[in-house]
Amino acid sequence: MNSSIDSFRPEIVETARSLLGKRFIALPDGTIGNDPTKITRGTDPRVGFDCSGLALRCIWDGLSITNPIAEWPIGMRTSQGMADAIYGERADIPMLDPKMVLPGDLIAWMESGIKVFHCAVATGVADSDGSIQYIHSTIGSGTGENNSVQADTLKPNGWSYPVHLPLGKLACAARLSKFLLN
């Protein structure tokens, strides 16, 4: 029996909201990506989150993925890996269209339209001005409590090159069988 990915969006957003204020931790590039034994680094609320770890925790909990080491591909454990799984390794990834973003989708930011350097969980649809609410793990202003999971707003033409990582495409790229049609 297949489940509609859309029915899990509220759980993903609720998971993100429940983690507000949790600690930010910085992990060097690739710490999670290629080592299945380090899958929980950056994804554990007892330790803290990096940006992709927060996004993964929200997806895993929201979609009831109980064994991420077995159920989630190694190559999709970083922001860049998730973007590559959807768009391939190409330099022409289209910029985000705010009207297409749904709660539970991921938003990623690219440096010069080439390398993903940050991601977040969308928590709402675009406002009339194109602004989107999201939750991410960030260093904020770089002091104390601001180094945490925070709610924020993406304003049109605001931050670097934002791209859309739709939840449905992530589930298909991860080959999550309960969301794939037979």
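The values are calculated or read from the model by the stated rules, or taken from the named source; none is laboratory data. Just so we're clear, the structure is a prediction, and the values are computed from it rather than from any experiment. So basically every Cβ, Gly included, is an ideal-geometry build from the backbone, and we count neighbours across all protein chains shown.
For the stretch 1-31, the set of residues classified as under 16 Å from residue 170 (Cβ atoms), modelled with pLDDT under 90 and buried (at least 18 other Cβ atoms within 10 Å of the Cβ) consists of 5 only. Residue-level check: of (1) modelled with pLDDT of 80 or more; (2) more than 15 Å from the chain's Cα centre (by Cα), residue 94 misses just (1). If only residues of the stretch 67-104 that are of a type in the set (Gly, Ala, Ser) and touching a residue at least 24 places away in the same chain (Cβ under 8 Å) are counted, the one that is surrounded by the fewest Cβ atoms within 10 Å (Cβ to Cβ) is 75. Remark: residue 133 matches the filter, which requires a residue to be closer than 24 Å to residue 171 by Cβ, surrounded by fewer than 21 Cβ atoms within 10 Å (Cβ to Cβ), at pLDDT 90 or above and among the polar types (S, T, N, Q). Residues that are surrounded by 13 or more Cβ atoms within 10 Å (Cβ to Cβ), at pLDDT 90 or above and farther than 27 Å from residue 4 by Cα occur in the stretch 142-150; there is at least one. Taken together, the residues in the stretch 50-65 that are under 13 Å from residue 118 (Cα atoms) and not in a helix (DSSP H, G or I) amount to 1.
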